[in-house]
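All remarks here apply to the structure that follows.
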Amino acid sequence: MLLSIRSLSKSFPGTRALDGVHFDLRAGEVHALLGENGAGKSTLIKCLTGAYARDEGTIKLDGVPINPQSTVEAQELGIGTVYQEVNLLPNLTVAQNLLFGREPRRLGLIHARAMRSEARAMLRRYGLDIDVDRDLGSYSVAIQQIVAIARAVALSGKVLILDEPTASLDAREVEMVFDVVRGLRDDGLGIIFVSHFLDQVFDLTDSVTVLRNGRHITTEETAALDRVRLIEHMLGRALEDAVSHHAPAIRGARPDMLHFTGMGRRGMIEPFDLTVGKGEVVGLAGLLGSGRTETAELLFGIRSAHTGEARDMAGRIDITSPRAAIAAGFGFAPEDRKTDGIVADLTIRENIILGLQARRGWTRPIPRAEQNRLADDYIRRLDIRTSGREKRIGELSGGNQQKVVLARWLAMNPRFLILDEPTRGIDVGAHAEILRLIHELVEAGMSLLVISSEIDELIAVSDRVIVLRDRRHVAELGGAEISGETIMRAIADTGERRI
Amino acid sequence: MNTRALPLYVTIAIFVLAWVICAIQFPAMFSTRVIGNLLTDNAYLGIVAVGMTLVILSGGIDLSVGSVIAFSGVFIAVMLRDMGLHPLVVFAMLLMISTAFGAGMGFLIDRLAMPAFIVTLAGMFLARGAAYLLSIESVPIQHPFFQTLQGAYWLMPGRGRLTLIGVLMLLVFVLGMIVAHKTRFGTSVYALGGGEATARLMGVRQGRTTVLVYAFSGAMAGLSGIVFAIYTGSGYSLATVGTELTAIAAVVIGGTLLTGGAGYMFGTLIGVLTMGLIQTYIVFDGTLSSWWTKIVIGILLLSFILLQKLLLKLSQARLAGGHA
């Protein structure tokens, strides 16, 4: 056994993050580490890489007990890590990044030529032939990830931890990175793969370990594993709605509420028409870069449209700025929650009342009692898991942060809410809850525009699905037409098919 | 080509263009005399700008250097007048003080996780105050060794004088280039400027690097003070007010990103010489007020900041394009 973890425990004030966890990694396997948020995946990895000191338990590498105190020490022992956010420096060259701290020297000075050829040799192993003297930042994220892997392997060479390495890659890039990972597996490395994408887990890994609430639940061969059973392990309960993709009920014709005609902006999105009925969910499907987010930004006035107009029953509405869009009763929960959605240093209460307060104007503060009532109300209604309303939102899990963002908009009672990737980076349980919330909102008469990369999710929530390709609305599917196959076909139509 | 190197090329192009314009209008500006004077007059600024480049590359700033130069001049003058020590001994003492001063600021910046702006601002007042403490009046330096240093030059073809301090500045730039581009320490400095958290993950010893960066800047400020004392032949506590800002301007005009992580030592040399050239032009013209120097530097600085912003946008657009 390459890496063997026994009875690993780690507690934080108030929680037992890891409780006697066992984990084994063979040389030459890709081993998925799965679990919902809060299952203990990241704690386990941090104990392994020396970022946390463990309370109990042993970690053996090649049969030798180890106790790394820092990531650098873990690296030297043979455990390298590649995180979701690329953990190299974009302002240094590829060669500098690869050989940082181990630069070949001559007479005490860095030997540029030796460095270049060494860096090239390192990358050639991964089938990458690029100019190593260019800044790392000038390459795509996929290449940056491969460089990060190359560096981690060169430094460590025994165990490679991939912590959500594919979260910001598109399908083709994911394949590129996976090819590299498979090559390393065949070279005899032990690879731990953490991901939210179950497809990728089935595609890439040899075995799967599931953690839940800090405990080891099961370890199985991936090939023998059934998808539904895996999700049951992760959730710890039999599944009901979480992954059942029932076709939407066709709720008859509804009075059209919002008409967008000829909306477009040069270089961003071709002019399109869109009608959203009251209590209707319109889904936007398409590949990364197909114009989904751009559509949302146009509708919410983040970028002004060059052409077209928006109307409701009463006449023309002004959506030339987010402020105007909000005044018109629109809401927008953006894709990048961390930078665009939440104010991490403010409390849950402050994040919830933010929009409402902005609309009232800062000269008329919402009374504190009213704020508390609102916050408590939404924490209960949306089942936001927190120790209280005064907790910093940055300390919540992704799913709970997303619920707070939703609460902020719900407090303003918009008639039209745009949700851009509402379930990205959220664990399976919270995922199902967000979908349930969407259904509730629609029942209450709100209109929704939902953008998602997960086709199953769109199928589950949408009354109509609009498919985008190359910054153009190319198809509109309604009712019984909506299925994974029809959407895929519309996306694929002429372009390459998404793997 | 790296887009990041573009500001450097632009700087060089502007410098060459400026010189051509000058030379067309005043052919005498192409002489070795003017070149010699350009190096001599800007020696102290160039040396301090080498230290500033490293500090800015690391993502920091050092506002204390102007005051340290003034302190150095007064220190040298007072020591020579009152103690009767040999100038070389005084120089060594001074360099130790200024290096330790810089290292101390670096230590505080790292340990207290304080913004470099505030710590070096305090350093600026401290050093200026220390200079006043030594003497509030201008102290002339009359030491035979000093006169030797002031008079040392090599005659270039065309009767231009390549002075000792001019050569010293060029040597310091060579040293700066080696430190920044050819050592692991230099790579660590770029790494810190690129992102502290990532740099730490990659194994940069942040504390050590920060202390060394400011110590280096302090040493350069001390050396610059020595050069300034040789240049002016006196020590005056009111001298070189605002030189830290001129040095920052030279670094930015030289194509270094003010937020750190990108830039070239050679660019700073061109930045210093460009600023010197503008001054020379105004002297040659004779009718222009010397304030025009400041206005032109202001315009140059602004256009470089805009250029960097533009390049950033372009490289982001290219990345996004490659993604679609």
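The values are calculated or read from the model by the stated rules, or taken from the named source; none is laboratory data. In this text the structure is predicted, and so the values were computed from the model without any measurement. Glycine also receives a Cβ, built like all others from the backbone with ideal geometry; neighbour counts cover every protein chain displayed. Just so you know, the surface numbers come from the protein's heavy atoms only, side chains and all, with ligands and any DNA or RNA stripped out. Shrake-Rupley method; radii C 1.70, N 1.55, O 1.52, S 1.80 Å.
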10 Å Cβ neighbours from other chains, averaged over peptide A:134-142: 4
Neighbour net charge for A:Leu48 - beta-carbon separation under 15 angstrom, K R +1, D E -1: 0
222 nm mean residue ellipticity, helices alone, for chain A (DSSP H n ≥ 4; -39,500 (n - 2.57); rounded to 500): -10000 deg cm²/dmol
Peptides ranked, highest mean first, by Cβ atoms within 10 Å: ranges A:112-118, A:290-296, B:117-123: A:290-296, B:117-123, A:112-118
Under 12 Å, Cβ to Cβ, from B:Leu121 - net charge with Lys/Arg +1 and Asp/Glu -1: -1
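Using the beta-carbon distance between B:Leu306 and A:Asp336 and R0 = 22 Å, what value does 1/(1 + (r/R0)^6) give for FRET efficiency, to the nearest 0.05?
0.20
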Surface/4 of the Cα convex hull for region A:120-211, nm²: 6.2
Compactness index (Cα Rg / 2.2 N^0.38 Å), the protein assembly as shown: 1.13
Residue-averaged [θ]222 nm for chain B, counting only DSSP H segments that reach four residues, each worth -39500 (n - 2.57): -25000 deg cm²/dmol
Dimensionless Rg ratio for region A:28-122, taking C-alpha atoms and the 2.2 N^0.38 Å reference: 1.38
Student exercise, the protein assembly as shown dipole from Lys, Arg, Asp, Glu Cβ charges, in Debye to nearest 20: 2060
Region B:53-151: translational diffusion in µm²/s, Stokes-Einstein, Kirkwood Rh over Cα pairs, 4 °C, 1.567 mPa s: 89
Mean accessible surface per residue for chain A, computed with a 1.4 Å probe while every protein chain stays in place, in Å²: 43
Interface residues in region A:60-92 - accessible area drops by 10 Å² or more relative to the isolated chain, probe 1.4 Å: A:Thr71, A:Val72, A:Gln75, A:Tyr83, A:Asn87, A:Leu88, A:Leu89, A:Pro90, A:Asn91, A:Leu92
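Evaluate peptide B:200-206: per residue, the Cβ atoms of other protein chains within 10 Å of its Cβ; return the mean as an integer.
6
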Accessible surface buried once A binds B (1.4 Å probe; total of both sides; Å²): 2400
Average Cα contact separation per residue, chain A, under 8 Å, 6 or more apart, as relative contact order %: 15
Selected from A:Leu204, A:Leu88, A:Tyr139, residue furthest toward positive end of dipole (chain A; charges at beta carbon): A:Leu88
Label-point gap, in nm, between B:Ala197 and A:Arg323 - each point 7 angstrom along Cα→Cβ: 3.2
Choice from B:Gly286, B:Gly261, B:Gly276 showing the highest fluctuation, given a GNM over chain B with Cα pairs closer than 10 Å: B:Gly286
Debye equation applied to the C-alpha atoms of region B:152-202, log10 I(q)/I(0) at 0.13, 0.14 Å⁻¹: -0.50, -0.54
Taking only Cα atoms of region A:359-499, radius of gyration then Dmax in Å: 18.0, 57
In region A:9-110, the trypsin sites (Lys or Arg not before Pro) that fall in loop regions by DSSP, at most 16 other Cβ within 10 Å: A:Arg26, A:Arg102
³J(HN,Hα) computed for each position of region B:13-23 - Karplus, 6.51 cos²θ - 1.76 cosθ + 1.60, integer Hz, glycine/proline x: 4, 4, 4, 4, 4, 4, 5, 4, 4, 4, 5
For region B:125-212: relative contact order, % (alpha-carbon pairs under 8 angstrom, 6 or more apart): 12
Label point distance in nm, A:Ala121-B:Thr259, each placed 7 Å from Cα along Cα→Cβ: 3.7
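First check a/c for region B:73-205, with a ≥ b ≥ c the square roots of the eigenvalues of its C-alpha gyration tensor; if it is under 1.5, answer rounded, and if not, answer prolate when a/b is larger than b/c or oblate otherwise.
It comes out oblate by the Cα gyration axes.
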Theoretical FRET efficiency, 1/(1+(r/R0)^6), r = Cβ-Cβ of A:Arg392 and B:Phe117, R0 30 Å, to 0.05: 0.65
Chain B: equivalent-ellipsoid semi-axes (sqrt of 5 x gyration tensor eigenvalues, Cα, Å): 32, 27, 16
Sequence of B:Leu133, A:Leu382 from largest to smallest accessible area, 1.4 Å probe: B:Leu133, A:Leu382
Rounded to the nearest 20 debye, dipole of region A:53-188 from Cβ charges on Lys, Arg, Asp, Glu: 640
Column: log10 I(q)/I(0), Debye, Cα scatterers of region A:283-375, q = 0.15, 0.19 Å⁻¹: -0.76, -1.04
Debye, to nearest 20: dipole size of region A:32-103, +1 on Lys, Arg Cβ, -1 on Asp, Glu Cβ: 60
Hits among aspartates and glutamates - C-alpha to C-alpha of A:Lys41 under 15 Å, sequence gap 8 or more where chains match: A:Asp19, A:Asp24, A:Asp163, A:Glu164, A:Asp427
Spin-label model distance (nm) - B:Tyr153 vs A:Ala480, 7 Å beyond Cα toward Cβ: 9.7
C-alpha center-to-center spacing [region A:53-91, region A:365-389] in angstrom: 40
Over 30 Å between alpha carbons, listed pairs B:Lys182/B:Lys294; A:Lys46/A:Lys338; A:Lys158/A:Lys338; A:Lys278/A:Lys391; A:Lys403/B:Lys313: B:Lys182/B:Lys294; A:Lys158/A:Lys338; A:Lys278/A:Lys391; A:Lys403/B:Lys313
B:Tyr9/A:Asn67 FRET efficiency (R0 41 Å; Cβ-Cβ; nearest 0.05): 0.20
Distant-in-sequence amide H partners of B:Ser234 (H built 1.01 Å from N, under 5 Å): B:Ile141
